[in-house]
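Asks: I am attaching a structure below and will ask some questions about it afterwards.
Bear in mind these aren't lab numbers, they're just calculated from the coordinates by the rules spelled out. For clarity, every value in this text was computed on a predicted model and none was experimentally measured. For neighbour counting, all protein chains shown are included, and Cβ atoms are generated from backbone atoms with ideal geometry for every residue, glycine included.
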Amino acid sequence: PVVARHYHENVIDHYENPRNVGSLDKNDPNVGTGLVGAPACGDVMKLQIRVDDDSGQIIDARFKTFGCGSAIASSSLATEWVRGKTMNEVLTIKNTEIAKHLSLPPVKLHCSMLAEDAIKAAVKDYMAKRAKANSLITKPN
Ligand code: FES
Ligand code: FES
């Protein structure tokens with residue numbers, strides 16, 4: 001069926017042409033960095049988001065993954081899915097959705113989990129930065 005073949009091609013594309021590989025400045029106050037590892041295999045994923053102050057939406061995302069092809073494809077997909085979303089919205093992205101979209105076999109589920117964890121860690125980092133900046137601003141003296 002045409003649809004199935006198209007779907008398959010899209011997925012292969014994420015393996016062969018990962019999107020948004022690279023880094024954002026981790027010291028930028030609008031950038032959140034998530035660095036996570038998979039205990040099962042030792043693979044590591046860094047995922048970064050840039051958040052727009054006014055809209056609260058993610059306007060850029062980058063990743064670097066030292067890991068298997070499924071982890072790389074999962075992070076590539078994650079950087080596409082987080083764009084245009086708010087913090088609350090990206091926190092609803094589930095690794096099972098990523099795995100389904102990439103047709104990952106069950107044994108590769110933990111690779112997509114790395115992407116979900118990396119998104120959550122990036123959001124946490126961004127929120128912590130914001131909280132710190134706000135407390136500095138409101139501190140008396
Ligand atoms: Fe890239 Fe669906 S395969 S968003
Ligand atoms: Fe561990 Fe894929 S085998 S992240």
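Asks: Among Ile137, Ile93, what is the fewest-to-most ranking by other Cβ atoms within 10 Å? Don't jump to the answer; show the numbers that get you there.
Replies: Working: Ile137 7, Ile93 18.
Least crowded to most crowded, the residues run Ile137, Ile93.
Asks: Here's something else I'd like to know. For a footprinting-style exposure proxy, rank Ser75, Ser55, Ser103, Ser70 by other Cβ within 10 Å, fewest first. Write out the running numbers ahead of the final one.
Replies: On the way: Ser75 30, Ser55 10, Ser103 14, Ser70 25.
Ascending number of Cβ neighbours within 10 Å: Ser55, Ser103, Ser70, Ser75.
Asks: Follow-up. For segment 131-138, in order, what is each residue's ³J(HN,Hα) by Karplus, 6.51 cos²θ - 1.76 cosθ + 1.60 with θ = phi - 60°, in whole Hz (x at glycine and Pro)?
Replies: So the Karplus estimates, Gly and Pro as x, are 4, 5, 4, 5, 5, 5, 5, 8 Hz.
Asks: Now for a separate question. Please turn the phi angles of segment 97-110 into ³J(HN,Hα) values with the Karplus equation 6.51 cos²θ - 1.76 cosθ + 1.60 (θ = phi - 60°), one per residue in order, whole Hz, x for glycine and proline.
Replies: Working through the residues one at a time gives 5, 5, 4, 5, 5, 9, 6, 6, x, x, 5, 9, 4, 5 Hz.
Asks: Output the relative contact order of the chain, whole-number percent, from Cα pairs under 8 angstrom with separation of 6+ residues. Write down the numbers at each step before the final one.
Replies: Values: 236 pairs, mean separation 38.6, N = 141.
This gives 27 percent for the chain.
Asks: Output the 0 to 90 degree angle, nearest 10, between the alpha-carbon long axis of helix 69-82 and the longest principal axis computed from the alpha carbons of the chain.
Replies: 50
Asks: Using the Cα centre as the reference, give the magnitude of the dipole from point charges on the C-beta atoms of the chain (Lys, Arg: +1; Asp, Glu: -1; all else neutral), rounded to the nearest 20 debye.
Replies: On the way: 18 positive and 16 negative charges, 75 e Å.
Here the chain has a charge dipole of around 360 debye.
Asks: Have a look at Val107, Phe63, Ile119 and report the one farthest towards the positive end of the charge dipole of segment 1-125, computed about the Cα centre with Cβ charges (Lys/Arg +1, Asp/Glu -1).
Replies: Val107
Asks: Got a sec? How would Cys68, Cys111, Cys41 order by Cβ neighbour count within 10 Å, fewest to most? List each step's numbers first, then the result.
Replies: Values: Cys68 16, Cys111 28, Cys41 13.
Ordered from fewest to most neighbouring Cβ atoms within 10 Å, Cys68, Cys111, Cys41 come out as Cys41, Cys68, Cys111.
Asks: I need the fraction of alpha carbon pairs in segment 2-138 separated by more than 22 Å, rounded to a whole percent.
Replies: Working: 3248 of 9316 pairs.
The proportion of pairs with Cα distances above 22 Å equals 35 percent.
Asks: What trypsin sites (Lys or Arg not before Pro) in segment 88-119 are in a loop by DSSP, with at most 15 other Cβ atoms within 10 Å of the Cβ?
Replies: On the way: sites: Lys94, Lys100, Lys108; in loops: Lys94.
Qualifying residues, ordered by number: Lys94.
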